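Peer 1: One structure, pasted below without further comment.
The values are calculated or read from the model by the stated rules, or taken from the named source; none is laboratory data. Fair warning: this is a prediction, and the values are worked out from it, not measured in the lab. Cβ: placed from backbone, ideal geometry, glycine included. Neighbour counts: every protein chain shown. Remember, those area values only see protein heavy atoms, side chains included, never the ligands or the DNA or RNA. Shrake-Rupley method; radii C 1.70, N 1.55, O 1.52, S 1.80 Å.
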Amino acid sequence: MEYDLNVIVFNFVDMLSHARTEMEIIRELADDEPAYRSLMKSWFEYSSLFEIIKYLADKNVKIIITTDHGSIKVQRPVKIVGDRNVNTNLRYKFGKSLNYNAREVFEMKDPEKYFLPRQNVSTRWVFTRGTDFFAYPNNYNYYARYYSNTFQHGGISMQEIMIPIITLSSKS
């Protein structure tokens, strides 16, 4: 109460989306979007975050709740080939040795124009579109099934880049 600004980071939503991808039990509990939202709501109702909000409700404070990114449920794999230096994100890739179908991606051949770094002269950035995600040709079918219907981030969809923010003021 004595400081003008206090920050608490709760990374549960991001952790849940990654756990939904990697853990079969979470995938079953949150099989579709309504179940995923229900699981999140249940966590929130019993979380220390909700306890903190209730505690602060009658104090003379302002609470700002936000996040660092959104996510999108991906469904369709798009093939891409790159060398071992290409990043691992499923929604965007950058590097000098990328091979892909240009009609299936949003391509940035001049990254500086978009305020993105260029590692060398031939660095390109590519982003998936809609609910697509990148998959490499080796073990393509395995990864297509594994990541299909999971929540991912790092792309340029509205769901991933619009940052929600809410300001709560105390009742007093």
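Peer 1: Looking at 6, 89, can you tell me which residue is part of a loop (DSSP other than H, G, I, E, B), under 20 Å from the mean Cα position of the chain (by Cα) and of a type in the set (S, T, N, Q)?
Peer 2: 89
Peer 1: On to the next question. Conditions first: (1) open to solvent by 70 Å² or more (accessible area, probe 1.4 Å); (2) of a type in the set (Val, Ile, Thr); (3) over 20 Å from the mean Cα position of the chain (by Cα). Residue 13 passes all but one, so which condition is the exception?
Peer 2: In the conditions (1) open to solvent by 70 Å² or more (accessible area, probe 1.4 Å); (2) of a type in the set (Val, Ile, Thr); (3) over 20 Å from the mean Cα position of the chain (by Cα), residue 13 misses (3) alone.
Peer 1: While we're here: Scan region 46-55 and give yes if some residue there is touching a helix residue (DSSP H, G or I) at 6+ places or on another chain (Cβ under 7 Å) and in a helix (DSSP H, G or I), otherwise no.
Peer 2: Looking for residues that are touching a helix residue (DSSP H, G or I) at 6+ places or on another chain (Cβ under 7 Å) and in a helix (DSSP H, G or I), one finds at least one in region 46-55, hence yes.
Peer 1: So in region 33-70, with the set limited to residues that are touching a residue at least 60 places away in the same chain (Cβ under 8 Å) and open to solvent by 70 Å² or more (accessible area, probe 1.4 Å), which one is nearest to residue 156 (Cα to Cα)?
Peer 2: Out of the qualifying residues, it is 68.
Peer 1: Is there a residue in region 87-108 that is touching a Pro at 6+ places or on another chain (Cβ under 8 Å) and not charged (D, E, K, R)?
Peer 2: Checking region 87-108: at least one residue is touching a Pro at 6+ places or on another chain (Cβ under 8 Å) and not charged (D, E, K, R).
Peer 1: Can you tell which of 41, 79 is modelled with pLDDT of 90 or more and closer than 22 Å to residue 143 by Cβ?
Peer 2: Details: 41 fails: closer than 22 Å to residue 143 by Cβ.
79 is the lone residue from the list that is modelled with pLDDT of 90 or more and closer than 22 Å to residue 143 by Cβ.
Peer 1: For region 132-172, what are the residues that are surrounded by 17 or more Cβ atoms within 10 Å (Cβ to Cβ) and part of a loop (DSSP other than H, G, I, E, B)?
Peer 2: Answer for region 132-172, where residues must be surrounded by 17 or more Cβ atoms within 10 Å (Cβ to Cβ) and part of a loop (DSSP other than H, G, I, E, B): 153, 154, 155, 157.
Peer 1: Criterion first (under 18 Å from residue 155 (Cα atoms) and open to solvent by 60 Å² or more (accessible area, probe 1.4 Å)) does residue 73 satisfy it? Show your work before the answer.
Peer 2: Values: under 18 Å from residue 155 (Cα atoms): yes; open to solvent by 60 Å² or more (accessible area, probe 1.4 Å): no.
No; evaluated as a whole, the condition is false for this residue.
Peer 1: Follow-up. Given the conditions (1) of a type in the set (Phe, Trp, Tyr); (2) over 15 Å from the mean Cα position of the chain (by Cα); (3) within 25 Å of residue 145 (Cα to Cα), report the number of the one that residue 43 does not fulfil.
Peer 2: If we test residue 43 against (1) of a type in the set (Phe, Trp, Tyr); (2) over 15 Å from the mean Cα position of the chain (by Cα); (3) within 25 Å of residue 145 (Cα to Cα), just (3) comes out false.
Peer 1: Here's another thing I want to ask about it. Could you list, in sequence order, the residues of region 84-131 that are aliphatic (A, V, I, L, M), more than 23 Å from residue 150 (Cα to Cα) and open to solvent by less than 60 Å² (accessible area, probe 1.4 Å)?
Peer 2: Once the filter is applied, which keeps residues that are aliphatic (A, V, I, L, M), more than 23 Å from residue 150 (Cα to Cα) and open to solvent by less than 60 Å² (accessible area, probe 1.4 Å), region 84-131 yields 98, 102, 108, 116.
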